[in-house]
1. Out of everything in region 84-100 that is part of a helix (DSSP H, G or I) and touching an Asp or Glu at 6+ places or on another chain (Cβ under 8 Å), what residue ends up being least open to solvent (accessible area, probe 1.4 Å)?
2. Within region 176-209, track down each residue that is more than 24 Å from ASP70 (Cα to Cα), of a type outside the set (A, V, I, L, M, F, W, C) and either under 14 Å from the mean Cα position of the chain (by Cα) or open to solvent by 30 Å² or more (accessible area, probe 1.4 Å) (or both).
3. Determine, yes or no, whether LYS108 is under 19 Å from SER148 (Cβ atoms), touching a Ser or Thr at 6+ places or on another chain (Cβ under 8 Å) and open to solvent by 70 Å² or more (accessible area, probe 1.4 Å).
4. Among the residues of region 165-175, is any part of a helix (DSSP H, G or I), of a type in the set (A, V, I, L, M, F, W, C) and open to solvent by 60 Å² or more (accessible area, probe 1.4 Å)?
5. Working only within region 144-162, note down all residues that are open to solvent by 90 Å² or more (accessible area, probe 1.4 Å) and either over 24 Å from the mean Cα position of the chain (by Cα) or charged (D, E, K, R) (or both).
6. How about region 135-164: which of its residues are out of contact with any helix residue (DSSP H, G or I) (no Cβ under 9 Å at 6 or more places or on another chain), more than 24 Å from MET79 (Cα to Cα) and part of a loop (DSSP other than H, G, I, E, B)?
7. Confirm whether MET126 is surrounded by fewer than 16 Cβ atoms within 10 Å (Cβ to Cβ), in contact with a strand residue (DSSP E or B) (Cβ under 6 Å, 6 or more places away or on another chain) and at negative phi.
8. Going through region 101-131 one residue at a time, which ones are assigned to a helix (DSSP H, G or I) and hydroxyl-bearing (Ser, Thr, Tyr)?
Amino acid sequence: ISLQDGKKTIVPLISIHEGIKRQGKRGRCINPHYISSHGKSTEELWLEAAKWIYKAYDVDCIERIYLHGDGAAWIKEGMNWLPQAKMVLARYHFNKAIITVTGKQPDKRPKLFETLFKGNKEGFTMLIRQLKESAQDDPEKKRIRDFSGYIKNNWTGISIYSQENYGGSCTEGHVSHVLSSRLSSRPMGWGREGLKIMAELRAYKSSGGRIELKHLKDTESKYRLGKRLIKMSYKKLTRPLELIIDIYLTLW
C-alpha cells in the first residue's frame, strides 16, 4: 500500500474458513471470517485469530487447521497460536515461483511441477542442478539459487500436497476482494491511522458485519473559507443565475 509520505507498507490479512464449496468453475469459502489491521504486531494479529477460533468453535473437535500462505515468517508464526496447525505453501505462490524460475527454460517446467507435487526431494535436487547448468547468465543463476532456497525453506508446506487432503485456498482472491479493491487498486496515498481503520472496517464488513455510525469517528473539518473567497463568492452570488451555476461548479 502507498502511504502519503511516499513510502510503501504491507497490510496483513488473515482469512478463516471451513473449506471451499465449488459452484461451477468457481469456489466459495464456507463461513469466512477476516482479520486485518495496520500497525499491529504479529503476536497481536495471531492472538486475535486464536481468540476468534476458540470462541467460534469447539477446539477439541478440530481435526486439523491448514495454514495457507506464501511462507513468510509472520504467517509461519501462526503455527504457534493455532491448535493442530500445519503449514501449506499456497498454490498461487508455488505456481508463480516455478513459472518465474523456468522463464528461460520452459521445457523443464512440467517436470518441476510433477516432481514437487510428488514430494520427490532427490528429483528436485537433480532438476535444480540441470537448471543451473543450462543457465545463460548470472541473473538467471541467482533466480535459481533463490528459488531453491525458497522451496527448501518451505518443503514441509509443499510435501503435504502428496500426503494429505490439505483443503483449498483463495488467498489472493481474499486479498483482492477485501483489501486491494479499496486500498491499492487506484493511485492513492494513505495515512497510517486511516489505513488501520479502513483495513479493519473492510475485514469487519467482509465477515458479515454491518457498518454503522458508531464505527465512524466524528472529526471536525479543518477546512475554512478565507475572507477573500467569501467576498468573491458574495459578489458572484449577486450576479445572474448562470454565474451562480458557474460558481457552484467551480467549488465542486
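The values are calculated or read from the model by the stated rules, or taken from the named source; none is laboratory data. Since the model is a prediction, treat every value here as computed from it, not as a measurement. Don't worry about glycine lacking a Cβ; one is built from the backbone with ideal geometry, like all the others, and counts go over all protein chains shown. All accessible areas refer to the heavy atoms of the entire protein, side chains included, with ligands and DNA or RNA removed. Shrake-Rupley method; radii C 1.70, N 1.55, O 1.52, S 1.80 Å.
1. Among those residues, the one meeting the criterion is HIS93.
2. Correct list: ARG186, PRO187, GLY189, ARG192, GLU193, GLY194, LYS205, GLY208.
3. It is false that LYS108 is under 19 Å from SER148 (Cβ atoms), touching a Ser or Thr at 6+ places or on another chain (Cβ under 8 Å) and open to solvent by 70 Å² or more (accessible area, probe 1.4 Å).
4. no
5. Passing the criteria: ARG145, LYS152.
6. GLN136, ASP137
7. The answer is no for MET126.
8. Across region 101-131, the qualifying residues are THR115, THR125.
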